[in-house]
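Below you'll find the structure, written out as structure tokens, and then a few comments.
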Amino acid sequence: MKFDVEKAYKDANALLEGHFLLASGNHSNRYLQSAKVLEYPHKASLLTNALADMIREAGIEVDTVCAPAIGGILAGYELARSLEVRSIFVEKCEGGMELRRGFEIQKGEKIIICEDIITTGGSALKASQAIEALGGEVVAFASLANRGFCSRNGTDNTPKEECSLPSTVPLFALDDFKFEMYNPTDCPLCEDGSKAIKPGSKG
Ligand code: ZN
């Protein structure tokens, strides 16, 4: 049975509706606050168990889950628990991402790159490049939710040009969340007189 990820986000007050300023500078009518859906580990594991089932059903063999920090770490850690494999993360460095803290990977190690949300996949792509440079094999990308720019496994959506993930590696996500996105100069919510807020930075 399909896991109702939208309900999980709504129940955790992690799917916000209103008028939001996104990291890209665009405005939107919805915002996913994934940290909120991961607040309770026992609920987070329901999400990653469903994601792990999708990955197993597709016959993907995995040695390790690797997440881009900070956003992906909790989702990656829980997915590794669900898959009963190792969990590591990469961190931002100049021009990309790198493994630190004594984390190592073996040549040919099969690695899933896990994010909380895939928007255009930019961070996930940088993480995969760091892993491949060390000899790891990126076998899949995974995320709790997909914003609909990239095409997730099991759907026949054509990836939008903003998607930076390679088409040769599958993306597993629990669901597609399609948001309205507006250029701030042409935003109907601004025209209605409200002001966009940035949820990530709210105290
Ligand atoms: Zn606006």
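What follows is calculated from the coordinates using simple rules that are stated; it is not laboratory data. Being a predicted model, the structure only gives us computed values, none of them experimental. Counting neighbours? That spans all protein chains shown, and the Cβs are built from the backbone with ideal geometry, glycine included.
Each of 120, 185, 48 was scored by other Cβ atoms within 10 Å of its Cβ. Listed from fewest to most, they are 185, 120, 48. Farthest towards the positive end of the charge dipole of the chain, among the residues 173, 102, 157, is the Cα of 102, using unit charges on the Cβ of Lys, Arg, Asp and Glu. Here 192, 4, 63 are placed in order of increasing Cβ neighbour count within 10 Å, fewest first, which gives 192, 4, 63. Region 163-203 and region 93-136 have Cα centres spaced 24 Å apart.
Pairs of lysines in the chain whose Cα atoms sit within less than 17 Å of one another amount to 13, provided the residues are eight or more positions apart or on different chains. For a modelled paramagnetic label at residue 57, 7 Å from Cα along Cα-to-Cβ, the residues of region 149-170 in reach, with backbone nitrogen under 13 Å, are 153-155.
When only Cα pairs below 8 angstrom with a gap of at least 6 residues are kept, the chain shows a relative contact order of 22 percent. Fully extending the segment from residue 69 to residue 40, taken as 0.36 nm per residue of separation minus the present Cα-Cα distance, adds 8.5 nm.
Highest GNM mean-square fluctuation among 41, 188, 170, for the chain modelled with Cα contacts below 10 Å: 188.
Restrict the search to region 115-170; then list the GluC sites (Glu not before Pro) that DSSP places in a loop and that have at most 12 other Cβ atoms within 10 Å of their Cβ.
Numbers: sites: 115, 132, 137, 161, 162; in loops: 161, 162.
Answer in residue order: 161.
Relative to the longest principal Cα axis of the chain, at what angle does helix 41-57 sit, 0 to 90 degrees, rounded to 10? Once rounded, the angle reads 60 degrees. Relative to the Cα centre, the charge distribution of region 52-97, modelled as +1 at Lys and Arg Cβ and -1 at Asp and Glu Cβ, gives a dipole magnitude of about 120 debye. Applying 0.36 nm per residue to the separation of residue 24 and residue 129 and subtracting their alpha-carbon distance, the gain on full extension is 35.6 nm. Label sites at residue 86 and residue 192, each approximated as a point 7 angstrom past Cα along Cα to Cβ, lie 5.0 nm apart.
Looking at region 10-66, none of the trypsin sites (Lys or Arg not before Pro) sits in a DSSP loop with at most 16 other Cβ atoms within 10 Å of its own Cβ. For the pair residue 13 and residue 100, the difference between a 0.36 nm per residue extended length and the Cα-Cα distance amounts to 28.0 nm.
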